[in-house]
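Worksheet for the structure shown next.
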Amino acid sequence: MALLTVQGLTRRFQGLVAVDSVDFAVQAGTVHGLIGPNGAGKTTLFNLVSGVLAPSAGSVRLGDQPLDGLAPYRRTALGLARTFQNIRIFSEMTVLENVMTGLHTRLSSTWGILLRGPGFRAEERQAKAKARDLLAFVGLSEAANARAGDLPYGDQRRLEIARALACEPRLVLLDEPAAGMNPAETHALLGLLRRLRDERGLTLLLVEHDMPLVMSLCDRLTVLNFGRRIADGTPAEVRAHPAVIEAYLGTGSHEVSVSRGAVS
Ligand SMILES: Nc1ncnc2c1ncn2[C@@H]1O[C@H](COP(=O)(O)OP(=O)(O)O)[C@@H](O)[C@H]1O
Ligand SMILES: [Mg+2]
């Protein structure tokens, strides 16, 4: 079953067509990679799917539900969460508090919390317990009370993932989660993303330049170049696709070497 369906999706900026009539579907329970050289339109496509940007044309569906015209918070409520290419955490808050901000999109009595009414204590206790579970899942239990801004870079990325999970999403969009990570952090991230799919049944749409990670993790790939979809298929199919090889070699891009071996 397709959890996310993108049809004819287009976004123009003045004269530039950043995303150009793109079609693809993400099957439930899979990790789907969205790759392409810098400027290919990947982040713009994420902004269209999450509702931050309005499309010039085309449609986006989550399961059977059309998302067109819905504000980002309504898409979150329907089960769509994301992380950002440039980390967005609350640096001055603790790690635990950051995760709790994600939970609040799902708490029943937001007003109760604001007014500190009856039920506030119980609900806050539950929220804390849940946030701690999520931190354990991403391997950040020890850092729960640290100031988020003091975390090493790779840990901040994992914190963003924990906060995205707090919304109880069905689909998580991850924009370059391995960017800036060292090899050990990247390896840990690979394991974490696998567990999200295999243990939690989550569906992931992943933008990532780390090709060994992409090739070993993704079930399917869609490749963009200059806003257009140039290939779609399994990692093996995409890697052998002439248009993909040409797009990457043509840019002289340092970020992708399609022939690099996969990590385990
Ligand atoms: N808000 C914007 N205004 C004008 N041009 C933009 C805007 N956002 C992105 N672009 C342009 O759209 C193209 C695709 O950008 P982007 O989606 O960020 O690519 P990617 O994430 O694949 O590197 C680029 O040429 C970029 O300069
Ligand atoms: Mg980008």
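The values are calculated or read from the model by the stated rules, or taken from the named source; none is laboratory data. Just so it is clear, the model here is predicted, and its values are computed rather than measured. In this analysis, Cβ positions are derived from the backbone assuming ideal geometry, glycine residues included, and neighbour counts consider all displayed protein chains. For the accessible areas, the whole protein counts, side chains as well, though only heavy atoms, and no ligand, DNA or RNA atoms are used. Shrake-Rupley method; radii C 1.70, N 1.55, O 1.52, S 1.80 Å.
Expressed in nm², what is the orientationally averaged projection area of the convex hull enclosing the Cα positions of the chain?
Details: hull surface 58.6 nm².
The number I arrive at for the chain is 14.6 nm².
Beta bridges assigned by DSSP with both partners in the chain are antiparallel in approximately 55 percent of cases.
Using only helices, what value at 222 nm comes out for the chain when you add -39,500 (n - 2.57) per DSSP H run of length 4 or more and divide by the total residues, to the nearest 500 deg cm²/dmol?
Details: 10 runs with 101 residues, N = 264.
That comes out to -11500 deg cm²/dmol.
Just reorder Phe13, Phe226 by solvent-accessible area, largest first, 1.4 Å probe, all chains present.
Numbers: Phe13 65, Phe226 160 Å².
From most accessible down to least: Phe226, Phe13.
Protein heavy-atom accessible surface, 1.4 Å probe, per residue over the chain: 46 Å².
Would you please name the trypsin sites (Lys or Arg not before Pro) within segment 55-107 that are DSSP coil residues with at most 16 other C-beta atoms within 10 Å of their C-beta?
Values: sites: Arg61, Arg74, Arg75, Arg82, Arg88, Arg106; in loops: Arg88, Arg106.
Of the trypsin sites (Lys or Arg not before Pro), the ones in loops of segment 55-107 whose Cβ has at most 16 other Cβ atoms within 10 Å are Arg88, Arg106.
Remark: spin-label model distance Asp23-Met93 equals 4.1 nm, labels positioned 7 Å along the Cα→Cβ axis.
Of the heavy-atom accessible surface of segment 151-207 (probe 1.4 angstrom), what whole percent is carbon and sulfur? Carbon-and-sulfur percentage of accessible area, whole number: 50.
Among His32, His209, the sequence by solvent-accessible area, most first, with a 1.4 Å probe is His209, His32.
Put +1 on the Cβ of each Lys and Arg and -1 on the Cβ of each Asp and Glu in the chain; which of Gly69, His187, Ala2 then has its Cα farthest toward the positive end of the dipole? Final value for the positive-end residue is Gly69. Taking K and R as +1 and D and E as -1, what net charge do the other residues with C-beta under 13 Å from the C-beta of Leu62 add up to? Computed value for this residue: +3. Each of Gln65 and Ala129 was given a label point 7 Å from its Cα along the Cα-to-Cβ line. The distance between the two points is 2.7 nm. About the centre of its Cα atoms, the chain shows a dipole size close to 600 debye [charges on the beta carbon of Lys, Arg (+1) and Asp, Glu (-1) only; nearest 20 debye].
Ligands, DNA and RNA aside, Ser91 has an accessible area near 50 Å² when probed at 1.4 Å.
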